[in-house]
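K.L.:
Below is a structure I'd like to ask you about.
The values are calculated or read from the model by the stated rules, or taken from the named source; none is laboratory data. Since this is a predicted model, take the numbers as computed values, not measurements. Ideal geometry is used to build each Cβ from the backbone, glycine not excepted, and the neighbour counts take in all protein chains shown. The accessibility values were calculated without ligands, DNA or RNA, using every heavy atom of the protein model including side chains. Shrake-Rupley method; radii C 1.70, N 1.55, O 1.52, S 1.80 Å.
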Amino acid sequence: MHKITQIKKLKTIYQVTLNNQEVIEVEPVIYLKLHLKLFQELDQSAYQRFILDNQYEKYKRIGLKRLNNMQTKKEMYDYLIKKEATVAIAKQIVFEFAEKKYLDDYLYTKMYVSLKQYQKGPKYIQDELLKKGVDLNIILGFTERINEIEILSDLIPKKMRSLNGKKAKKQILLKIKTDFYRLGFSQDAIDTVIGKHNHLLNEVDMHVIEKEVRQQRLKIKSKILSYEDKQKIISKLYRKGYPLDMITKALSDIK
């Protein structure tokens, strides 16, 4: 038999001590449900039910607090496991929360996509939601509605204007393509929008080429540049997309 030898009411829980010196932090709902009192005795069956019910209420309380931030079912499950809930309890709580619509992967996906679609592309959003445990069919139901062309028609021109004149046109286009592809936008959509707004990019400013030439010159240790040295610099900058005549002009003042 398990006998209650001491009860302390703390701020949010009851601390119950048994005759074997076991100290249990009891959830208020369990304390009231079982009408626990000093010197009460519990047989082994009642004791085991008490422990299981108390554990369930403990992790349910933890889960409810976690719901202050929207969660997917997998995120809630993972969180409860991290807090050392058993697999059975974690699954049961997630099921209860889903039944009560506290957890709703469909609604979560709808809100997530609406918030992210103007920052990230469909592929990125899809991958993130898959990591969160959302069913692929739910994800595709929302990501396939995203109008990439419309979104990129706003984002890419802004990017072009911020980089215009700071690098060679070829470098800027490569950076834009790489950056937006990494954000999860499709290559076809990126190329289409770049093609429509390519006119926004001017040739690079002369001072940018002069800076590049000086940087390349510092890498060469000889006091005077040889013909071969100059050809190496020209070749390197030309491959980056700088106009040949501007490279040659910038290099003419470098020794």
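K.L.:
Taking only protein heavy atoms into account and a 1.4 Å probe, give the accessible area per residue of the range 88-132 in Å². Intermediate results must be reported in sequence, preceding the final value.
P.N.:
Details: 2690 Å² over 45 residues.
Roughly 60 Å² per residue, with all protein chains present.
K.L.:
Next question. Report, in debye and to the nearest 20, how large the dipole of the range 113-212 comes out about its Cα centre when Lys and Arg carry +1 and Asp and Glu carry -1 on their Cβ.
P.N.:
260
K.L.:
Further question on the same structure: Cα-Cα pairs above 23 Å in the range 80-225: how many percent?
P.N.:
Percent of Cα pairs beyond 23 Å in the range 80-225: 57.
K.L.:
Report, in listed order, any pair from K74/K120; K170/K230; K132/K170; K196/K232 with a Cα-Cα distance greater than 27 Å.
P.N.:
Details: K74/K120 22 Å; K170/K230 22 Å; K132/K170 38 Å; K196/K232 35 Å.
Exceeds cut-off: K132/K170; K196/K232.
K.L.:
Using 0.36 nm per residue of separation minus the Cα-Cα distance, give me the extension gain between I149 and K100 in nm, one decimal. Walk me through the intermediate numbers first.
P.N.:
Details: separation 49, 0.36 × 49 = 17.64 nm, distance 3.86 nm.
Contour length minus Cα-Cα distance gives 13.8 nm.
K.L.:
If you take the charge dipole of the range 76-128 about its Cα centre, with +1 on Lys and Arg Cβ and -1 on Asp and Glu Cβ, which of G121, M111, A98 is farthest toward its positive end?
P.N.:
G121
K.L.:
According to a simple spin-label model (label point 7 Å from Cα along Cα-to-Cβ), what is the distance in nm between K83 and K166?
P.N.:
4.4
K.L.:
Right, something else. About the Cα centre of the chain, how large is the charge dipole given +1 on each Lys and Arg Cβ and -1 on each Asp and Glu Cβ? Please answer in debye to the nearest 20. The partial results should precede the final answer.
P.N.:
Numbers: 50 positive and 32 negative charges, 272 e Å.
That gives the chain a dipole magnitude of about 1300 debye.
K.L.:
When we measure straight from the Cα of K110, which aspartates and glutamates land under 20 angstrom away, once same-chain ones fewer than 8 places off are left out?
P.N.:
Leaving aside aspartates and glutamates fewer than 8 places away in the same chain, those within reach of K110 are E75, E99, D127, E128, D135, E144, E148, E150.
K.L.:
Please give the length that would be gained between S114 and T5 if that part of the chain were fully extended, namely 0.36 nm times their separation in residues minus their C-alpha to C-alpha distance (nm, one decimal).
P.N.:
Working: separation 109, 0.36 × 109 = 39.24 nm, distance 5.59 nm.
The span from S114 to T5 would gain 33.6 nm if fully extended.
K.L.:
Based on the mean of other Cβ atoms within 10 Å per residue, sort peptides 3-11, 114-122 so the most packed one is first. Let's see the in-between values first.
P.N.:
Numbers: 3-11: 12.1, 114-122: 16.6.
Output ranking for 3-11, 114-122: 114-122, 3-11.
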